[in-house]
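Take a look at the structure below.
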Amino acid sequence: MKYRPFGKTGVEVSEVGLGAWPLGGKTFVAGSPITYGDVPEKEAVRIVESALNLGINLIDTADSYGLGRSERVIGKAIQGRRDRVFIATKACWVPDQEEIFMRDVSYHNLLATCDRSLKRLGTDH
């Protein structure tokens, strides 16, 4: 696996990352599917563990992938090796009462979203 420096942080990030959208599983918004399909949780955890074992240390996810399921799966898979994983998660899309995603980039929502993501990922950073 090839790695590159992440800016001036001193962190070496794999050139290949794991995109975790499919790990969110089957998700419906306003009655329509918005994902690739269902990925059983055990298989999703195994996918992340396999990627880490192959040297991938960059995982891309978002709070909206499976309405948080992707982050929860990643949290399970990285237990005991959080210090070797670089997680990029995105925020600001939240479902309204009709489960249609609305964009909320307000300061308070971003802070709250980050807190929820950290909890689902099982980490403090």
In Å and from the alpha-carbon atoms only, list the Rg and Dmax of the chain.
14.9, 45
With +1 assigned to the C-beta of every Lys and Arg and -1 to the C-beta of every Asp and Glu, and no other charges, what is the dipole magnitude of the chain about the Cα centre in debye, to the nearest 20?
420 debye
Extension gain Ala88-Lys119, at 0.36 nm per residue separation less the Cα-Cα distance, in nm?
9.7 nm
Solvent-accessible area per residue, Å², over the chain with all protein chains present [probe radius 1.4 Å]
62 Å²
On the accessible surface of the chain, probed at 1.4 Å, how many percent belong to carbon and sulfur atoms?
56 percent
So if we plug the beta-carbon distance of Ser50 and Phe6 into 1/(1 + (r/R0)^6) with R0 = 25 Å, what FRET efficiency do we get, rounded to 0.05?
0.65
Segment 22-82 versus segment 1-19: alpha-carbon centroid distance in Å
20 Å
If you look for lysine pairs in the chain that are eight or more places apart or on different chains, how many of them have Cα atoms under 15 Å apart?
4
Could you work out how far helix 107-121 tilts from the main Cα principal axis of the chain, as a 0 to 90 degree angle to the nearest 10?
60 degrees
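The values are calculated or read from the model by the stated rules, or taken from the named source; none is laboratory data. All values derive from a computational prediction rather than experimental measurement. In this analysis, Cβ positions are derived from the backbone assuming ideal geometry, glycine residues included, and neighbour counts consider all displayed protein chains. All accessible areas refer to the heavy atoms of the entire protein, side chains included, with ligands and DNA or RNA removed. Shrake-Rupley method; radii C 1.70, N 1.55, O 1.52, S 1.80 Å.
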